[in-house]
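The values are calculated or read from the model by the stated rules, or taken from the named source; none is laboratory data. What you are looking at is a predicted structure, and each value in this text was computed from that prediction instead of being measured. Virtual Cβ from ideal backbone geometry, glycine too; neighbours counted across all protein chains shown.
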Amino acid sequence: MDRVLTPAWWALRLGLGITTFLAGLDKFFNLLTNWGMYLSPMAERFLPFSADTLMHLAGVVEMLVGLAILTRFPRSGAYAAAAWLLSIAANLVTANFYDLALRDVNLAIAAFALARLAEHRGAQATSSAVSTAA
C-alpha cells in the first residue's frame, strides 16, 4: 500500500477494532455506561427477550466485528462495523440521542473508509503477487 496511506490504514484499523471490541465487551459489565438506556423504547417493544439479552447479543456481535477488523478480515469487519453503526444510529435517533447518532454516523464513515483502504491494500497485494510470479 502507498506509504502515505499506511498510517491511516493502521490508525483506522486499530482505533475501530479495539474500540468496537471493548464496547462489545462492556455490554456485559456496563463500566463505560449503562448501555440499555440507549435502546429506543420503540425497539424495545418489539423484542422477544429482555433489553439486557439484546445488549449481550450486541456485545458478542461487536466483539466479533472488532476481532475481524484486528485480525485476518479487516475489510469485511469494517463493512460490518459500518452497517452496525448505522443501525445503532437509527436506534439512537428514535430514542432522541441525536448527538450520539451523529457520532455513530461518523464512525460508520470511518469504518467504510477502512474497508475501502483494505480493498485497495488487497488489490495491491494481489497485483504485486501476480507481477512477481510473471
Return the only residue of Leu22, Leu64, Leu5 being in contact with a His (Cβ under 9 Å, 6 or more places away or on another chain), within 21 Å of Ala111 (Cβ to Cβ) and not charged (D, E, K, R). Leu5
Scan the stretch 26-49 and tell me whether some residue there is of a type outside the set (S, T, N, Q), under 15 Å from the mean Cα position of the chain (by Cα), closer than 18 Å to Asn106 by Cα and at pLDDT 95 or above. no
For the stretch 48-62, indicate whether the set of residues that are under 27 Å from His120 (Cα atoms), free of Cβ contacts under 8 Å to residues at least 40 places away in the same chain and not small (Gly, Ala, Ser) is non-empty. yes
The stretch 3-82: helices (runs of 4 or more DSSP H) wholly inside it with 2 or more residues that are surrounded by 12 or more Cβ atoms within 10 Å (Cβ to Cβ) and at positive phi are none
Within the stretch 92-118, residues being surrounded by fewer than 21 Cβ atoms within 10 Å (Cβ to Cβ) and touching an Asp or Glu at 6+ places or on another chain (Cβ under 9 Å) number 0
